[in-house]
Amino acid sequence: MLTTNAILFFIILLLLAELIEPLVNKLHIPFTIILVVLGFIGSEITIHVFEIDTGIRWHNFKTIIFYIILPILIFQAAIEINIKLLWKNLLPILIMALPLMVLSAVITAAGVYYAINHPPGFPWIAALITGALLSATDPAAVISLLKKADAPERLRMLLEGESLFNDATAIVLFSIFIVLATSSHEATGFSMVFYRFSEVFFGGLLAGGLVGFVACLLLKVLKTQQAFVLVSVISAYTAFILAEDILHFSGVIAVLLCGIVIGICNEERLSENSFASQFWQFLSRIAESLIFLLAGVTITLSMFVDQWLAILIGIAAVTLARCLSIVGAFPLISLLPGIEKVPFKQQTILVWGGVRGTVTIALALSLPLSLDYWYTIQSIAYGVVIFTLFVQTITMPLLLKRLGN
């Protein structure tokens with residue numbers, strides 16, 4: 001369990017982050033990068049200057065991330081999504097978030113595996129884990145820039161909807177590959193992975209839909225905003241535990257569908273200024289801040305010195321995979337009946353807007369230390385996230401201006 005020192009450490013860092021945020025916003029620097037830097041500097045000063053043990057232990061990370069933080073992030077995104085616009089663009093979003101996401105993960109894995117070219121130290125399963133965790137997108141900062149640039153609402157929904165579903169898909173793939181990597185049995189073929197993925201994915205949908213339906217029935221009786229908050233919190237964690245620990249399906253998928261069902265049934269309670277909406281936005285903000293602070297605490301300078309080549313390979317592989325999956329697939333998607341064409345300029349924005357962030361960091365933090373290659377994977381993940389936040393996010397306004405959006 002977390003110690004008192006760890007809790008106090010993060011309370012102080014969160015307070016400092018809140019104090020400097022106005023200055024960061026004026027400088028137009030991604031706030032998530034500041035959180036990483038703050039976590040790094042804070043841990044260095046606490047440990048090496050004041051000689052105080054922060055109380056942070058690696059074996060706590062998986063429980064904290066999977067059972068506390070990820071359900072908050074997934075549920076908040078699910079209940080806040082624009083259901084009408086999501087439904088209108090559901091087919092291209094699902095194609096982006098499922099088959100194209102898996103394709104992107106495989107391309108990334110292949111690129112990393114063959115470029116590193118060290119099977120004894122970095123086998124195929126390590127590359128597949130890397131591909132899975134790097135395939136989760138987090139375009140929140142990009143979407144805010146698109147709003148300021150008055151970009152088409154459909155373009156924003158494609159990015160936002162893709163992120164909502166592919167985060168869950170990436171977590172499912174990542175979890176399956178981790179089980180294969182840590183199992184005493186040899187990794188089996190594609191059919192086994194496909195069967196297990198289908199089982200946990202659709203099983204999670206069933207569990208989440210059931211909990212969401214029961215929650216909607218309760219909320220028809222309980223009319224207050226406070227009751228909605230209580231029922232929604234209980235529902236999110238009940239869906240996760242029911243699917244993950246009792247039924248052995250995907251808890252994240254269960255939380256995702258549970259949030260969507262509750263959001264559909266209670267759209268009027270989730271107006272922008274409602275207590276329920278502000279409550280979940282606050283929880284999500286704290287959860288996301290903790291993820292990036294944890295990333296800063298676990299970053300070492302030697303990571304970028306020792307693993308710089310692997311990081312560059314990861315950046316190149318992710319960028320290539322994103323480009324191939326979006327630009328290569330959308331001309332075909334546009335041929336499907338009822339699908340509005342996505343212009344090439346918007347495809348370019350979709351490629352460059354595939355920023356990596358919270359979920360990628362969260363999965364990297366949850367890597368088992370028993371894996372010999374965990375440090376390489378985590379270094380690649382950190383490097384890719386920093387690149388996408390510093391380079392892709394910051395240059396997005398220039399791209400929008402150049403493309404006339």
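Assorted remarks:
- Qualifying residue in the range 24-33 (condition: modelled with pLDDT of 85 or more, assigned to a helix (DSSP H, G or I) and more than 14 Å from residue 286 (Cα to Cα)): no
- Positions within the range 67-124 being touching a residue at least 40 places away in the same chain (Cβ under 8 Å), among the aromatic types (Phe, Trp, Tyr) and crowded, with 22+ Cβ neighbours inside 10 Å, in sequence order: 75
- Every residue from the range 366-382 that is surrounded by fewer than 22 Cβ atoms within 10 Å (Cβ to Cβ), touching a residue at least 40 places away in the same chain (Cβ under 8 Å) and not in a loop (DSSP other than H, G, I, E, B): 375
- The criterion of being within 21 Å of the chain's Cα centre (by Cα) and in the same structural domain as residue 399 (by TED's automatic domain parsing) does not hold for residue 304.
- If you filter the range 307-337 down to residues that are part of a helix (DSSP H, G or I), surrounded by fewer than 17 Cβ atoms within 10 Å (Cβ to Cβ) and not hydrophobic (A, V, I, L, M, F, W, C), you find that the one that is nearest to the chain's Cα centre (by Cα) is 328.
- Residue 342 in a helix (DSSP H, G or I) and either exposed (fewer than 14 other Cβ atoms within 10 Å of the Cβ) or in the same structural domain as residue 63 (by TED's automatic domain parsing) (or both): no
- Among residues of the range 171-193, those that are assigned to a helix (DSSP H, G or I) and modelled with pLDDT under 80, counted: 4
- Selection over the range 352-366 of residues that are within 17 Å of residue 63 (Cβ to Cβ) and of a type in the set (Gly, Ala, Ser) gives a count of 3.
- Every pair of residues 6+ apart whose Cβ atoms lie under 7 Å, when the first sits in the range 252-280 and is over 15 Å from residue 164 (Cα atoms) and without any contact (Cβ under 8 Å) to a residue 24 or more places away in the chain while the second is of a type in the set (D, E, K, R) and in a helix (DSSP H, G or I): none
- Residues located in the range 93-122, provided they are part of a loop (DSSP other than H, G, I, E, B) and either among the hydroxyl-bearing types (Ser, Thr, Tyr) or under 16 Å from the mean Cα position of the chain (by Cα) (or both): 98
- Looking across the range 136-170 at every residue that is among the charged types (D, E, K, R) and not in a helix (DSSP H, G or I), the one that is modelled with the highest pLDDT is identified as 138.
- Criterion violated by residue 308 - all others in (1) modelled with pLDDT under 90; (2) out of contact with any Ser or Thr (no Cβ under 6 Å at 6 or more places or on another chain); (3) more than 27 Å from residue 73 (Cβ to Cβ) satisfied: (1)
- Scanning the range 146-177 for residues that are of a type in the set (A, V, I, L, M) and more than 17 Å from the chain's Cα centre (by Cα) yields 146, 149, 151, 155.
- Qualifying positions in the range 342-382 - more than 18 Å from the chain's Cα centre (by Cα) and among the aliphatic types (A, V, I, L, M): 342, 349, 369, 371
- From the options 56, 65, 45, 52, residue that is assigned to a helix (DSSP H, G or I) and either more than 17 Å from the chain's Cα centre (by Cα) or at pLDDT 90 or above (or both): 45
The values are calculated or read from the model by the stated rules, or taken from the named source; none is laboratory data. This structure is a prediction, so every number in the text was calculated from the model and none was measured. Counting neighbours? That spans all protein chains shown, and the Cβs are built from the backbone with ideal geometry, glycine included.
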